[in-house]
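The values are calculated or read from the model by the stated rules, or taken from the named source; none is laboratory data. From a predicted model like this one, the values you see are computed outputs, not experimental measurements. We place every Cβ from the backbone using ideal geometry, glycine too, and count neighbours over all the protein chains shown.
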Amino acid sequence: MNQRNTASQATAAAGMAVPVVSPDPSADPQPRLWTKAEYYEMADLGWFRGQRVELIEGQVMVLSPQKFAHYASVDKGAETLRAAFGSGFWVRSQAPVDLGTITEPEPDVSVVRGSRGDYKAHPTTALLLVEVSETTLANDRGPKASLYAHAGIGDYWIVNLVHTQLEVYRDPLPDTGQPFGFRYGTRTVLGPQDTVTPLAAPHLRIVVADLFA
């Protein structure tokens, strides 16, 4: 028995209160967050071979295997947006967007200003991000939407394969109750017969059905 325990027992025996020491939260185990440089180094070493991954706030997230319906709609959506936006915009399919030193998601479709030749590294923002969603619907509506709102992405679409709808999210605003401290202020749900106009191209009218394979 050490002297500290003996002193505590003596204090208790004398009828005096024994002070309770609160645990130090900083002493608890903490997750190891990875930087983008470390993430690329792990990829070079073959850690993710055969897997689709993305870096979200320092955590390496393994993406679900793609069913045919998912990939076909990704391909169709990208094709539709390329035709609609035309020159002056780069429509990218399942490519990284650099949102900081510890975050690099790979949305299913991203639209950025300019052309491929204008970039020497992954874009750091986008005019429009699109996720094609089936099994990941809850994540795309929740944490992923909060992440994109936090990054200031003004136009975020979810191609909802479960209900054959397009969910359009706009107007990012702070919300401490969300995973990344932000959310979208407006959500519009459109059916296949409806049209949607990207914020970056107000002259366009895209038929929602054309975003589905």
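The residues of the stretch 104-122 that are without any contact (Cβ under 8 Å) to a residue 60 or more places away in the chain and either surrounded by 15 or more Cβ atoms within 10 Å (Cβ to Cβ) or closer than 13 Å to Y148 by Cα (or both), listed by number, are P105, E106, P107, D108, V109, S110, V112, H122.
Would a scan of the stretch 30-44 turn up a residue that is on the phi < 0 side of the Ramachandran plot, buried (at least 17 other Cβ atoms within 10 Å of the Cβ) and at pLDDT 80 or above? Scanning the stretch 30-44 turns up no residue that is on the phi < 0 side of the Ramachandran plot, buried (at least 17 other Cβ atoms within 10 Å of the Cβ) and at pLDDT 80 or above.
Which condition does T125 not pass, out of (1) under 17 Å from F89 (Cβ atoms); (2) of a type in the set (V, I, T); (3) in contact (Cβ under 8 Å) with a residue 40 or more places away in the chain; (4) surrounded by fewer than 16 Cβ atoms within 10 Å (Cβ to Cβ), if it passes all the others? All conditions are met except number (3). Scanning the stretch 159-192 for residues that are of a type in the set (A, V, I, L, M, F, W, C) and under 14 Å from G77 (Cα atoms) yields V159, L161, L166.
One line per residue, one yes/no per condition, for (1) under 18 Å from V97 (Cα atoms); (2) at pLDDT below 95; (3) surrounded by 13 or more Cβ atoms within 10 Å (Cβ to Cβ):
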residue	(1), (2), (3)
G154	yes, no, yes
E167	no, no, yes
P179	no, yes, yes
Y184	no, no, yes
V189	no, no, no
D194	no, no, yes
H203	no, no, no
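When the stretch 160-200 is filtered for residues that are over 24 Å from T135 (Cβ atoms) and hydrophobic (A, V, I, L, M, F, W, C), the ones remaining, listed by number, are L173, F182, L199, A200. Return yes or no: is K144 without any contact (Cβ under 8 Å) to a residue 40 or more places away in the chain, within 28 Å of E38 (Cα to Cα), buried (at least 22 other Cβ atoms within 10 Å of the Cβ) and among the charged types (D, E, K, R)? Spelling it out, K144 is indeed without any contact (Cβ under 8 Å) to a residue 40 or more places away in the chain, within 28 Å of E38 (Cα to Cα), buried (at least 22 other Cβ atoms within 10 Å of the Cβ) and among the charged types (D, E, K, R).
On the given criteria, is G100 loosely packed, with under 15 Cβ neighbours inside 10 Å and at pLDDT below 95?
Judged against the criteria, G100 is a match.
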